[in-house]
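The structure appears below as structure tokens.
The values are calculated or read from the model by the stated rules, or taken from the named source; none is laboratory data. Predicted model, so just to flag it, every value in this text is computed and none were measured. Backbone-built Cβ (ideal geometry, glycine too); neighbour counts: all protein chains shown.
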Amino acid sequence: MPMSVTFLGAAQNVTGSSYAVDVDDSTVLVDCGLYQERSLRNRNWAAFPVPPERIKAVVLTHAHLDHCGLLPKLVREGFGGKVYCTPATADIVKIILLDSAKIQEEDAYNKSRRHAKEGRRGPYPDLPLYTIRDAEAVLPLLMPVAYGIPVPVASGIKASFFEAGHILGSTMIKLDLSAAPAAMAAPTAMAAPTAMAAPVERSILFTGDLGRCNLPILQDPTRCRSADYVVMESTYGDRLHEATEDIPDALVRILNAAQQAGGKVVIPAFAVERTQELIYYLSILFRAGKIPRLPVFLDSPMAIRITEVFNRHRELFDEETKALIGQGNVPYGFPGMTLTSDVKESKAINRVKGPAVIIAGSGMCNGGRIKHHLVNTITRKENTILFVGYQATGTLGREILDGAKKARILGQWYPVRARIEQLHGFSAHADQKELLAWLKFCEQPPRRIFVTHGEAATAVAFAALVQAKTGWSATAPVYNQRETLS
């Protein structure tokens, strides 16, 4: 049958999400993500496994870089179709890609200067993976679509978008596929006329990043009803989260300890959702008088712009958040929080004496302003580095979290003396129990479940667990594996 899915990323690893769905002569890409694990970054520079000019459309689950971050490269190398996503995702993608391109250009410039000074070359060219101009070329291709309404995206392929509860605008995507019937033998002169064979129809549901129920700000994920095939994430398929109600207590403990030690709390945070959720909790605790009135700096121009997108899409908020706004409380801001946009303001934070909270990106410490704040805080024991998001294997954040005694930041090695803390309860990814609970709402057993977006051991183990708990066929595909949708 001329239907297939090929796993081009997030296959026994976490980042680089991308899947090619083929129906007859149509190819649609689900996500086009950037690889963020150091050991896999070479894939960002490699040629796309599917020629970009052959791809009819891209459908995006959401606007995180590991799901949309290679779009500028795809367009530069020949893709000219539409990129379908929700309106909020379209607004955020514009910010994310332009910021990423700026960082790519700055990092390439800084690396070229450093390598010239050191008389050596790095493993990748001292050129940006893509430029601001490349990112700008993506923007006219963005095609906002509404939740829940099937949209034809290519011949034989319709896409429907459903709330995923992960970040603002995030979706699960169900593709309804219709392929021409298999070729039939030519009729003979004596043969009686027969009815035309019906098209072959299948459906495949991509969870994207599946969120959690009862989190602040966002609505809960849509429940799975039916699909012939399910491609589901497994980021936390091997563990259970701390209860979200424990987050305020943990923040109270950490911030009060920082004040007593006279140190700073540096928080690497994703600009989309995680920053807004963190500020949501801080605002409640400040108003309740449970944490000291420390200076709080949001040192992320991108996070500031993302918060403006939140204001434009309040229809996506849950009822609790809408009620707070109705009472005059903005849940992602509070008096006394300093927003720093330009570089001069960012540098000035390092001159602040005494305890303070600094929130900056990127969330995995791969780039951005967080690296400069780490340089200024990681060597002093009175300071705290607080991780509130997933840290993929091979990232600087993961190395620090795993107990590295020294860390290489901006080309220099620094001893790690700061206190390292992590809050799992902040995760916007469903944990093992929540993933299994979501699957239970499938009204009919899928023909097969493909487990992706998890580290290799996690994805393989979670696929085995799904099969053991449900009796349904479940596997963890590897990179470039192609599966026929029969």
**OP:** Determine the pairs where a residue that is without any contact (Cβ under 8 Å) to a residue 12 or more places away in the chain and assigned by TED's automatic domain parsing to the domain that holds H62, located within segment 1-28, has a partner that is surrounded by 24 or more Cβ atoms within 10 Å (Cβ to Cβ) and not in a loop (DSSP other than H, G, I, E, B) with Cβ atoms under 7 Å apart, the partner being 6 or more residues away or on another chain.
**Re:** none
Original post:
Out of all the residues in segment 229-249, is one or more in contact with a strand residue (DSSP E or B) (Cβ under 7 Å, 6 or more places away or on another chain), surrounded by 16 or more Cβ atoms within 10 Å (Cβ to Cβ), of a type in the set (G, A, S) and farther than 30 Å from Q467 by Cβ?
Top reply: no
Subject >> Failed condition for I279, given (1) assigned by TED's automatic domain parsing to the domain that holds T452; (2) modelled with pLDDT of 90 or more; (3) surrounded by 16 or more Cβ atoms within 10 Å (Cβ to Cβ) >> reply: (1)
Original post:
Which of the following residues is modelled with pLDDT of 95 or more, among the charged types (D, E, K, R) and more than 24 Å from the chain's Cα centre (by Cα): E399, E421, E434, E382?
Top reply: E382
**OP:** Would you check which residues across segment 373-432 are of a type in the set (S, T, N, Q) and in contact with a His (Cβ under 6 Å, 6 or more places away or on another chain) and list them?
**Re:** S427
**OP:** Assess whether E443 counts as being acidic (D, E), at pLDDT 95 or above and surrounded by fewer than 22 Cβ atoms within 10 Å (Cβ to Cβ).
**Re:** no
Original post:
With V252, V265 as the choices, which residue is β-branched (V, I, T), at pLDDT 85 or above, outside any helix (DSSP H, G or I) and within 30 Å of I370 (Cα to Cα)?
Top reply: V265
**OP:** Quickly run through segment 105-146 and pick out the residues that are hydroxyl-bearing (S, T, Y) and under 20 Å from S39 (Cα atoms).
**Re:** Y124, Y130
Original post:
Taking only pairs six or more apart or across chains, which ones have beta-carbon atoms under 6 Å, a first residue in segment 277-295 that is within 11 Å of G333 (Cα to Cα) and in contact (Cβ under 8 Å) with a residue 24 or more places away in the chain, and a second residue that is hydroxyl-bearing (S, T, Y) and surrounded by 15 or more Cβ atoms within 10 Å (Cβ to Cβ)?
Top reply: I279/Y332; Y280/Y332
**OP:** Among the candidates R408, R351, single out the residue that is surrounded by fewer than 18 Cβ atoms within 10 Å (Cβ to Cβ) and either outside the structural domain of L255 (by TED's automatic domain parsing) or in a loop (DSSP other than H, G, I, E, B) (or both).
**Re:** R351
Original post:
If you go through segment 345-358 one residue at a time, do you hit one that is under 18 Å from the mean Cα position of the chain (by Cα), over 14 Å from S300 (Cα atoms) and among the hydrophobic types (A, V, I, L, M, F, W, C)?
Top reply: no
Subject >> Pairs, first outside any loop (DSSP other than H, G, I, E, B) in segment 432-448, second among the basic types (K, R), C-beta under 9 Å, six or more apart >> reply: Q432/R239; E434/R212; L436/K469; W438/R223; L439/K469
**OP:** Please find, among R114, R38, R43, R76, the residue that is surrounded by fewer than 22 Cβ atoms within 10 Å (Cβ to Cβ), under 21 Å from A137 (Cβ atoms), of a type in the set (K, R) and in the same structural domain as V451 (by TED's automatic domain parsing).
**Re:** R76
**OP:** Give the residue that is surrounded by the most Cβ atoms within 10 Å (Cβ to Cβ), with candidates limited to residues of segment 300-338 that are free of Cβ contacts under 8 Å to residues at least 60 places away in the same chain and touching a Gly at 6+ places or on another chain (Cβ under 9 Å).
**Re:** A303
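For (1) outside any helix (DSSP H, G or I); (2) surrounded by fewer than 19 Cβ atoms within 10 Å (Cβ to Cβ); (3) outside the structural domain of P150 (by TED's automatic domain parsing); (4) in contact with a Phe, Trp or Tyr (Cβ under 8 Å, 6 or more places away or on another chain), each residue gets a yes or a no:
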{"site": "V50", "(1), (2), (3), (4)": "yes, yes, no, no"}
{"site": "E53", "(1), (2), (3), (4)": "no, yes, no, yes"}
{"site": "V58", "(1), (2), (3), (4)": "yes, no, no, yes"}
{"site": "T61", "(1), (2), (3), (4)": "yes, no, no, yes"}
{"site": "D66", "(1), (2), (3), (4)": "no, no, no, yes"}
{"site": "P72", "(1), (2), (3), (4)": "no, no, no, yes"}
{"site": "G80", "(1), (2), (3), (4)": "yes, yes, no, no"}
{"site": "T89", "(1), (2), (3), (4)": "no, no, no, no"}
{"site": "K94", "(1), (2), (3), (4)": "no, yes, no, no"}
